[in-house]
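Here the structure comes first, spelled out in structure tokens, and everything after it is commentary.
The values are calculated or read from the model by the stated rules, or taken from the named source; none is laboratory data. A quick note: this is a predicted structure, and the numbers were derived from the prediction, not measured. As a convention, Cβ positions derive from the backbone with ideal geometry for all residues, glycine included, and neighbour counts pool all protein chains shown. Calculation scope for accessible area: heavy atoms of the full protein, side chains included, ligands and nucleic acids excluded. Shrake-Rupley method; radii C 1.70, N 1.55, O 1.52, S 1.80 Å.
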Amino acid sequence: MFKKICLIGFIAAALSFAQEETETYIRNICDTLPNSATPLVELKMAYVDVGQWYGSKDLSKKDSSSVKRYKSYESIKPFRDKKISLSLPYSITASCAETQYNLYKIAQWNESSLSWDLNADNDDYATYIMDVNMVEFPGYNASNSYNILAFRKGSLPQDGSYKAEDLMVSRTFEFQFDWWYTYTAYTVVSTTSIKWKMTASYGLDSLSSLTNALKSLDIPDSISKIQIHQFHVVLTDPNKKEVASSSSVASSSSEAASSSSVASSSSETASSSSVASSSSVEQSSSSEASSSSVEESSSSQGTTAIGRLVSSPRAFKAREIRRLDGSKIKAGEALVPGVYYVKGVDGRWKKQVELP
């Protein structure tokens, strides 16, 4: 009887291991996308969050704030009747390898007609979806993100130096890339005119975008209130199921703005997400005749370098890694491309594919 019980237990264990052996541990979409039927995906605008905030210039007090989600950019009416330029990413094609001549569609606000135009003439963009496990990118790793989308007109930089406007980050397993752009502004009211001074900046997250815009806004001592307008565009693969939305900074900025420590603490975040560009716009109007003037100036531009990792840090969080012949991978040993058995913290063995 005892032998029979042992035999049944042995068979059950063998079947369990065989079942686990057939499972494949997929760490990132880029582990499988290059071998799929559609390695080139079109990332499209899923929605746009528009946040507005008004309060003290040191962000310590909030007078009003709002966040509204738009499923279509055509429903957005930015800045009411103010003639301010604004472009939002609508769609772009990319894959987990560097490709060129990709189509990048941009929704552009027409300052004359105060309506949107869809620019579909940009078909010369180089794009690359990077696995965050395979690159070294300040501020972003496997603990807080999954993929980085690099895109630039013509070709990608050979030295790996990117501006914030060239990058988007996906914090979810399914592609969900965030694009951030923030305007900061204040008004100067006199007996004869009303002037509107504005700066704008990109960012890899809401906080860095806000911080960079504020750095470029030269606020005189006579001004006590400022306005913040933040645009958060999310690009997804429409062929995949919808995933939970990432944190919206327009909303978090209004919450963060209620604390006076935002401006100072955000400078640390901004150091890892360099400002791409900023512009200064001044608009004035008179009670007798309406007139406007636009001045644009660039602030100090910075870049962020992305390098390639020797090995994947996430793989070594596993309890144990073995080759297919059963030999054990030593701690700190670099993984060569191939298939491995990985024992997770739950004690289960799975196969992991390590790509070159």
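The condition (being within 22 Å of Arg171 (Cβ to Cβ) and not hydroxyl-bearing (Ser, Thr, Tyr)) is satisfied by just one residue among Ile84, Ile106, Ile76, Ile29: Ile29. Scanning the stretch 43-67 for residues that are in a strand (DSSP E or B), closer than 15 Å to Leu214 by Cβ and either β-branched (Val, Ile, Thr) or open to solvent by less than 70 Å² (accessible area, probe 1.4 Å) (or both) yields Gly51, Trp53, Gly55, Ser56.
Does the stretch 165-172 include one or more residues that are among the basic types (Lys, Arg), under 19 Å from the mean Cα position of the chain (by Cα) and more than 22 Å from Pro34 (Cα to Cα)? Before the answer, list the steps.
Narrowing the stretch 165-172 to residues among the basic types (Lys, Arg): 171.
Checking which are under 19 Å from the mean Cα position of the chain (by Cα) leaves us with 171.
Filter again for more than 22 Å from Pro34 (Cα to Cα), leaving none.
Looking for residues that are among the basic types (Lys, Arg), under 19 Å from the mean Cα position of the chain (by Cα) and more than 22 Å from Pro34 (Cα to Cα), one finds none in the stretch 165-172, hence no.
Cβ-Cβ contacts under 9 Å between residues 6 or more apart (or on different chains), taken from a first residue in the stretch 220-242 that is small (Gly, Ala, Ser) to a second residue that is assigned to a loop (DSSP other than H, G, I, E, B) and surrounded by fewer than 19 Cβ atoms within 10 Å (Cβ to Cβ), are listed as Ser224/Lys57.
Search the stretch 111-155 for residues being touching a residue at least 60 places away in the same chain (Cβ under 8 Å), open to solvent by less than 30 Å² (accessible area, probe 1.4 Å) and of a type in the set (Gly, Ala, Ser), and hand back the single one that is farthest from Met45 (Cα to Cα). Looking at residues that are touching a residue at least 60 places away in the same chain (Cβ under 8 Å), open to solvent by less than 30 Å² (accessible area, probe 1.4 Å) and of a type in the set (Gly, Ala, Ser), I get Ala142. Just one of the listed residues (Tyr104, Tyr140, Tyr146) is modelled with pLDDT of 95 or more, closer than 23 Å to His232 by Cβ and not small (Gly, Ala, Ser), namely Tyr104. Tell me, which residue of the stretch 192-207 that is of a type in the set (S, T, N, Q) and surrounded by 21 or more Cβ atoms within 10 Å (Cβ to Cβ) is farthest from Ile219 (Cα to Cα)? For the stretch 192-207, the residue satisfying everything is Ser206.
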